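Report on the structure given below.
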Amino acid sequence: MTPRYLFRMDDAAPGMDRSAFDRCLGIFREFDVRPIVGIVPDNRDPLLVKSGGGRDFWETMARFAGEKIITTAQHGLHHVYHRHAGSLLRRYGFDDLSEFAGLPFDVQLEKIRQGREILSSHGLAPSVWMAPNHSFDGATLKALAAAGFAFVTDGIGLYPYKRCGLTFYPVLSGKPRRIPCGMTTICLHPNTMTENDFISLRSFFAGSPRIVSFEEAIVYRPPWFAPVVNVLCRIAFFLVKTIMRLRWKPPLTFSSTAGRRQR
């Protein structure tokens, strides 16, 4: 019943805020934590570009992966969105912006394969997929399986679960938060982390929670009652998000990258 925690760092790309990334990774290394790093293969999202640097980005990511400092994941292809209401997680409060949901299977498969080829050309071969904006549909999952992916870091639940031949590792929070049981992934965005976020991360680790690497997570076997707990978790998550939407109407969003938050 001891809860376990995975950590992921989103939006790694040439030109990212390297000082924030290094600071975040430094905290992980201080506490001997190996995070999943989502790499955008061919970034075209201007919100992810914080500096003009990044010439050593690919060499650094390959070295970190080779030294087992990080586990790499493919984070979409371009990180550029269109608007579509078909995301499988939309009912849980996520918006309509997606890089993949709603596109034909063949188009999604080609985009996924293009991204994988780019990563491979830089010496990276992740088996983990990380969808931009947590947005994907059934065709995405079929395309991921066809492209050779085995794992997805996303979904709602307190235990890993399988769907379309893929194993999902649920993500419930963008900040370090305790859970009563199971295994959750905490999703961080170094590009936009504040001083308080870094303090909170270090404080969470100092409390000695059970942190696992992705390699440890894939050999974890959920208990027999995990499917029931996941269903209850999804119901609770849905109800909370529904109540929040009824009490607070968010401002209008746009399909362009201007003015939106990074995900």
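FYI, it's all coordinate maths here, none of it is from the lab. Computed from a predicted model, the values in this text were never measured in an experiment. Neighbour counts run over all protein chains shown; Cβ positions are idealised from the backbone, glycine included.
How many percent of all Cα-Cα pairs in region 16-64 sit more than 19 Å apart?
Percent of Cα pairs beyond 19 Å in region 16-64: 27.
Of the beta bridges DSSP finds with both residues in region 4-247, what % are antiparallel, to the nearest 5?
Looking only at bridges with both residues in region 4-247, the antiparallel portion is about 20 percent.
Near residue 129, within a Cβ-to-Cβ distance under 10 Å, what is the net charge of the other residues, with Lys and Arg +1 and Asp and Glu -1?
On the way: positive: 116; negative: 154.
Value of the local net charge: 0.
Mean-square fluctuation check for the chain, GNM, Cα pairs under 10 Å: which of 228, 40, 80 is largest?
228
Let me spell out the model: positive unit charges on the Cβ of Lys and Arg, negative unit charges on the Cβ of Asp and Glu, origin at the Cα centre of the chain. What dipole size does that give, in debye rounded to 20?
On the way: 34 positive and 23 negative charges, 191 e Å.
Using Cβ point charges on Lys, Arg, Asp and Glu, the chain gives about 920 debye.
Using the Kirkwood radius over Cα pairs, work out the Stokes-Einstein diffusion coefficient for the chain at 10 °C and 1.306 mPa s, in µm²/s as a whole number.
On the way: Rh = 18.8 Å.
Reported coefficient: 85 µm²/s.
Around residue 102, with a cut-off of 13 angstrom between Cβ atoms, what is the net charge of the other residues, counting Lys and Arg +1 and Asp and Glu -1? Intermediate results must be reported in sequence, preceding the final value.
On the way: positive: 83, 90, 111; negative: 96, 99, 137.
For residues surrounding residue 102, the net value is 0.
Among 124, 48, 88, determine the one that fluctuates most according to a GNM of the chain built with springs between C-alpha atoms less than 10 Å apart.
Looking only at 124, 48, 88, the largest GNM fluctuation is found for 88.
Cut-off 10 angstrom, C-alpha nodes, Gaussian network model of the chain. Which of 122, 78, 134 fluctuates the most?
With Cα springs under 10 Å in the chain, the top fluctuation among 122, 78, 134 is at 122.
To the nearest 500 deg cm²/dmol, what mean residue ellipticity at 222 nm is calculated for the chain from DSSP H runs of n ≥ 4 alone, each contributing -39,500 (n - 2.57), summed and divided by the residues?
The helix-only estimate for the chain comes to -10500 deg cm²/dmol at 222 nm.
Within the chain, which is the longest segment containing none of the chymotrypsin sites (Phe, Trp or Tyr not before Pro) that sit in a DSSP loop and have at most 11 other Cβ atoms within 10 Å? Walk me through the numbers on the way to the answer.
Details: sites that count: 224, 225, 248, 254.
The longest uninterrupted stretch comes out as 1-223.
Express in % the proportion of alpha carbon pairs of region 114-179 at distances exceeding 21 Å.
Roughly 28 percent, once rounded to a whole number.
Could you please report the charge total around residue 161, scoring K, R as +1 and D, E as -1 over all other residues with beta-carbon less than 14 angstrom from its beta-carbon? Present the calculation step by step, with values, prior to reporting the outcome.
Numbers: positive: 162, 163, 221, 234; negative: 154.
Net charge around residue 161: +3.
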